[in-house]
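Contents: one structure, followed by commentary.
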Amino acid sequence: MSVPGQPFEELISEHGPVVMRVCRAMLGPADADDAWSETFIAALHAYPDLRPASNVRGWLVTIAHNKAIDILRRAARAPRPTADVAQRPNTESTERLDAPVDDDLRTALDRLPPKQRGAVVYRYLADMAYADVAALLDSSEAAARRSAADGIAALRTVLHRPDPKGQRP
Amino acid sequence: MNTPTISVSAHEIAARLAAAVTADEAKLAELRAGLVARAGRDGLIDVSYRTLDSPFGLLLLAASKDGLIRIAFEMERHEDVLARLAADVSPRVLAAPAPLDDAARQLDEYFAGHRRRFDLRVDLRLARGFRRAVLDHLRDIDYGTTQSYAAVAAAAGKPTAVRAAGSACSHNPVPIVVPCHRVVRSDGTIGNYLGGTAAKQTLLAMEAAA
């Protein structure tokens, strides 16, 4: 577990992957790359002043959350035809994203209401405590729990959708 | 009657989502490299470091904005050394080889016997007071020669502080480049060394032969 005051390099190796998951869950691939870089540059600026008792991962995810919001707002303002700011991962990206079956899951995540999506991402992908998730989403802890539960329930329906070609086993 | 469904747990859903948004190592390495380049341009790296293969194993080289601040042998545990640098200098510590390329090249040349003097900026802020005075003097001891701890103590201004001179050598943050290996005991025995007595012997033998 990294603690404030450790070499910043260790933060990148320890938390780089989780910050990337959060960025990718909130944004399309190119924007996710930008958000990841912006997050760590901002963190590097502020790092010497980070309070000793801080939860480093929570701090980084909070920065990533704010960067993602900035990017989504910029995209919303920009008069682009691709109004769906939370684009699906582009399959033409240089990198292969995972199994085709989970494209549905990914699309379903993108379509969740913002608080549900945030709650699922921060609770289940960033492994944050509900108190911290609530702070990020500007809601109560109980509301954050409900959002996460509702979000998971909505995602579950995607996985349970009957196979159009016939019954499932 | 309801259709029986196999319930998927929240954790399984989370695991499948995670798999869909997890970046591979190559992608993360690419982003990290971009980050380090940008941090360097923006002046956000207070301590950069890299490692170098040497006849004494892997050396850690670290530089502040003012110059080479630390060379560490493997037995000092590089991880611990970096943690100390984060505490003593700044936690903005990044693996960034470029600022140390020149030091690495000169050390390579030295180990190959092709270099007798280092032309490098050195940051000795980690040594204070008398220790600093000792290290400043060490840089004047020529390649291939040695001096006694007593002579070093005298040259640094405190002829009776022989033991303190030894302590300054054993805490030298930039060994090899600041040649504490050229300081030996008055009785002719070799004395201790951060990188081990064998390393000190090897360095002295190499310099004597060149």
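The values are calculated or read from the model by the stated rules, or taken from the named source; none is laboratory data. All values reported here derive from a predicted model rather than from experimental measurement. Note: ideal-geometry Cβ built from the backbone for every residue, glycine included; neighbour counts use all protein chains shown.
Would you call B:Asp42 more than 30 Å from B:Ala199 (Cα to Cα), of a type in the set (Asp, Glu) and modelled with pLDDT of 95 or more?
Criteria met by B:Asp42.
Could you list, in sequence order, all residues of the range B:85-122 that are facing another protein chain (nearest Cβ under 10 Å), within 13 Å of B:Arg70 (Cα to Cα) and assigned to a helix (DSSP H, G or I)? Of everything in the range B:85-122, those that are facing another protein chain (nearest Cβ under 10 Å), within 13 Å of B:Arg70 (Cα to Cα) and assigned to a helix (DSSP H, G or I) turn out to be B:Leu85, B:Ala86. Within the range B:78-88, not a single residue is β-branched (Val, Ile, Thr) and either out of contact with any Leu (no Cβ under 7 Å at 6 or more places or on another chain) or surrounded by 21 or more Cβ atoms within 10 Å (Cβ to Cβ) (or both). Just checking, does the range B:67-76 include any residue being touching a Lys or Arg at 6+ places or on another chain (Cβ under 7 Å) and at the interface with chain A (Cβ under 7 Å from one of its Cβ atoms)? No, the range B:67-76 contains no residue that is touching a Lys or Arg at 6+ places or on another chain (Cβ under 7 Å) and at the interface with chain A (Cβ under 7 Å from one of its Cβ atoms). Looking across the range A:103-120, the residues that are more than 8 Å from chain B (Cβ to nearest Cβ) and surrounded by 21 or more Cβ atoms within 10 Å (Cβ to Cβ) come down to A:Ala108, A:Gln116, A:Arg117, A:Gly118, A:Ala119.
Within the range A:117-142, residues that are free of Cβ contacts under 8 Å to residues at least 12 places away in the same chain and hydroxyl-bearing (Ser, Thr, Tyr) reach partners that are surrounded by 20 or more Cβ atoms within 10 Å (Cβ to Cβ) and in a helix (DSSP H, G or I) with beta carbons closer than 9 Å, at six or more positions or on different chains, in the pairs A:Ser140/A:Ala134. Within the range A:12-42, the set of residues being surrounded by fewer than 24 Cβ atoms within 10 Å (Cβ to Cβ) and more than 7 Å from chain B (Cβ to nearest Cβ) comprises A:Ser13, A:Glu14, A:His15, A:Val18, A:Gly28, A:Pro29, A:Ala30, A:Asp31, A:Asp34, A:Glu38, A:Ala42.
Any idea which residue in the range B:12-34 is surrounded by the fewest Cβ atoms within 10 Å (Cβ to Cβ), counting only those that are more than 7 Å from chain A (Cβ to nearest Cβ) and of a type in the set (D, E, K, R)?
Start the filter on the range B:12-34 by keeping residues that are more than 7 Å from chain A (Cβ to nearest Cβ), which leaves B:12, B:15, B:25-26, B:29-30, B:33.
Next cut, of a type in the set (D, E, K, R) only: B:12, B:25, B:30.
Values: B:Glu12: 12, B:Glu25: 8, B:Glu30: 15.
Among those residues, the one meeting the criterion is B:Glu25.
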